[in-house]
1. Give me the dipole magnitude in Debye, nearest 20, for the range 20-90 about the Cα centre, with unit charges on the beta carbon: positive for Lys and Arg, negative for Asp and Glu.
2. Per-residue accessible area for Thr44 at 1.4 Å probe radius, Å² rounded to 10?
3. Over the chain, with a Gaussian network built from C-alpha contacts below 10 Å, which listed residue (Ala53, Ala45, Ala29) shows the highest mean-square fluctuation?
4. Cα extents of the chain along the three principal axes, largest first, in whole Å?
5. Would you work out which of Leu83, Ser9, His66 lies farthest towards the positive end of the dipole of the chain, given +1 charges on the beta-carbon of Lys and Arg and -1 on that of Asp and Glu, about the Cα centre?
6. Accessible area per residue, 1.4 Å probe, Å², for the chain: what's the number?
7. Hey, in the GNM for the chain with a 10 angstrom Cα cutoff, which one of Gly56, Gly48, Gly72 fluctuates hardest?
8. For an R0 of 25 angstrom, estimate the FRET efficiency from the Cβ-Cβ distance between His66 and Tyr10 and round to the nearest 0.05.
Amino acid sequence: MNGFTLLISYLIFINFLSFLLMGLDKKRARKHQWRIPERTLFLTAVLGGSPGAILGMQVFRHKTKHPSFVIGMPCIFVIQVLLLFLSKFY
């Protein structure tokens with residue numbers, strides 16, 4: 001498996017995980033059960049899962065009234081895209 005294939009596989013995994021964690025946290029919130037820590041949700045986004053987290057927020061209507069998520073998740077995504085773009089020059 002080459003490096004590019006490994007990177008794509010990782011990004012698919014981390015985005016799927018971020019999406020699932022949003023759905024699971026929403027389900028647990030409805031049932032008043034133990035919740036997934038917000039730092040875990042942000043960590044998966046920072047580790048490359050920001051598109052999955054943003055999609056999960058919209059699909060599950062979860063954390064959409066929390067400014068830290070509504071602003072934070074897109075900011076993480078924009079920073080990641082900028083870093084990817086800038087990495088092409090260095």
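1. In debye, rounded to 20, the range 20-90 gives about 400.
2. Ignoring ligands and nucleic acids, Thr44 comes out at about 10 Å².
3. Ala29
4. Projected onto the principal axes, the Cα atoms of the chain cover 47, 30, 20 Å.
5. Selected residue: His66.
6. Dividing the accessible area of the chain by its residue count gives 72 Å².
7. Gly72
8. Once the sixth-power term is evaluated, E becomes 0.40.
The values are calculated or read from the model by the stated rules, or taken from the named source; none is laboratory data. Given the structure is predicted, the values throughout are model-derived calculations rather than measurements. Cβ: placed from backbone, ideal geometry, glycine included. Neighbour counts: every protein chain shown. Just the protein is used for accessible areas: all its heavy atoms, side chains included, with ligands, DNA and RNA removed. Shrake-Rupley method; radii C 1.70, N 1.55, O 1.52, S 1.80 Å.
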